[in-house]
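A quick write-up on the structure given underneath.
The values are calculated or read from the model by the stated rules, or taken from the named source; none is laboratory data. A quick note: this is a predicted structure, and the numbers were derived from the prediction, not measured. Positions of Cβ are generated from backbone atoms using ideal geometry, with glycine treated the same way; all protein chains shown enter the neighbour counts.
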């Protein structure tokens with residue numbers, strides 16, 4: 001007879017398999033071509049949609065091409081350049097501080113080091129996990145954003161409400177190579193079906209696996 005833990009893992013992985021079938025294409029997410037662009041884009045994505053971030057960075061990445069460019073930028077000008085992403089004063093300080101730290105400690109290159117990334121202004125664990133996974137293909141943990149924060153408890157994959165505790169529960173259920181996929185497929189499902197106030201449970205591919213939808 002399988003243990004409770006192995007049953008939970010089997011159900012969790014069934015959830016992800018179905019989402020992978022349902023959503024052949026995930027996103028949209030922050031668009032980037034270099035680790036620096038990914039770092040900047042994820043900092044800007046706080047409290048902002050990825051679509052809006054991408055509209056802003058289309059111009060921003062042409063103007064600011066290196067860490068030195070951000071370090072040397074005028075705060076007032078940088079604020080105007082990222083105004084549409086919201087919280088632009090704080091984000092401008094984060095970007096300028098990030099540029100300065102990259103230049104001072106890492107020769108302008110984004111470090112392939114999770115703990116080092118956490119020292120950058122505006123970078124929390126979720127952001128660091130995303131950068132490590134996407135830029136360096138190193139899976140340090142499940143990035144828990146607002147969609148994952150909502151969907152994981154609904155699916156009975158965690159009993160917690162705190163971001164870090166949810167991450168630990170999910171990391172115990174999925175193999176490392178699926179950490180980023182959990183994030184991206186949960187986000188895509190959260191935007192399409194499992195929306196906050198009125199989830200479309202009747203059209204959900206996970207309905208038979210979902211305690212929330214079967215209440």
Among the residues of segment 17-66, the number that are in contact with a helix residue (DSSP H, G or I) (Cβ under 6 Å, 6 or more places away or on another chain) and either more than 30 Å from residue 91 (Cα to Cα) or in a loop (DSSP other than H, G, I, E, B) (or both) is 11
Within segment 186-212, the residues that are surrounded by fewer than 19 Cβ atoms within 10 Å (Cβ to Cβ) and in contact (Cβ under 8 Å) with a residue 40 or more places away in the chain are 191, 192, 196, 205, 209, 211, 212
The lone condition residue 80 fails out of (1) surrounded by fewer than 21 Cβ atoms within 10 Å (Cβ to Cβ); (2) part of a helix (DSSP H, G or I); (3) touching a residue at least 24 places away in the same chain (Cβ under 8 Å) is (3)
Of the residues in segment 26-65 that are touching a residue at least 40 places away in the same chain (Cβ under 8 Å) and exposed (fewer than 14 other Cβ atoms within 10 Å of the Cβ), the one that is farthest from residue 101 (Cα to Cα) is 27
Selection from segment 173-185 of residues in contact (Cβ under 8 Å) with a residue 12 or more places away in the chain and out of contact with any helix residue (DSSP H, G or I) (no Cβ under 8 Å at 6 or more places or on another chain) yields 176, 177, 184
The residue from 138, 144 that alone is in contact with a helix residue (DSSP H, G or I) (Cβ under 6 Å, 6 or more places away or on another chain), surrounded by fewer than 20 Cβ atoms within 10 Å (Cβ to Cβ) and either at pLDDT 95 or above or not in a loop (DSSP other than H, G, I, E, B) (or both) is 138
Residue 215 meets each of (1) at pLDDT 95 or above; (2) farther than 28 Å from residue 39 by Cα; (3) part of a loop (DSSP other than H, G, I, E, B) with one exception, condition (1)
On the given criteria, is residue 110 touching a residue at least 60 places away in the same chain (Cβ under 8 Å) and either part of a loop (DSSP other than H, G, I, E, B) or more than 28 Å from residue 86 (Cα to Cα) (or both)?
yes
